[in-house]
Amino acid sequence: MSNRYLYRLLNETDDPDVGITSKDPDADEEVEEHVGHGSAAGYESQFISTTSNYDAVYDFAQLTYKTFIRVVKIDLEKLKMESEIEVIDLTDEDIRDEHIKFQRADRFAQKFDEVLLVGCIPPSCIKLIYAGEKKLMPMTEPDTDSSCSESGSDDQSYDEDECGYLCDQFGHKMVFHD
């Protein structure tokens, strides 16, 4: 895989401050089954879904029913050094062909540049790059090298909290940080 970073739209139970694990680390599901049903309510597998590019996580986020979302960036190089993690890179056609036979799951894996992880992602490899209203999520990857950058439309008002984060009227952080 040529990308150093992966992206993940967090679910309600993901806590990047303690690390990210799959819904059921002891499961023995097939890759194809996970790709086809991974986000379905009640479905659990040993896989952690990620994508290899920001555009794909943006597109996937727009499909969710949630209004408040969180997106993280995962340092894959650091992850491989710090954790025993299995990487199944479904952006590679040969790997996709090995694991996925049904066209619907194959199209989904391609569309969202899916990369599956098996194992635990430690917090040291995770950076929260967006937490806020789905409709305000920037279409391009936030500049995480700067300490803060505003997102959203000009008619939205933001207040700065004690840490310098911009927050919307609901107190949701609207900045990207290191």
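Bear in mind these aren't lab numbers, they're just calculated from the coordinates by the rules spelled out. Keep in mind that what you see is a predicted model, and the values were worked out from it rather than measured.
Counting only residues at least eight positions apart within a chain, or on another chain, the lysines with an alpha carbon under 20 Å from that of K101 are K111. All C-alpha pair distances within the range 1-155, sorted into 5 Å bins from zero, spread as 2, 9, 19, 22, 23, 15, 7, 3, 1, 0 percent across the bins. Once a ≥ b ≥ c are taken as the square roots of the eigenvalues of the Cα gyration tensor of the range 61-132, is the result rounded (a/c under 1.5), prolate (a/b larger than b/c) or oblate (a/b not larger than b/c)? Taking the square roots of the gyration eigenvalues as a ≥ b ≥ c, the range 61-132 is oblate. Fully extending the segment from D17 to F68 would add 16.5 nm, taking 0.36 nm per residue of separation and subtracting the current Cα-Cα distance.
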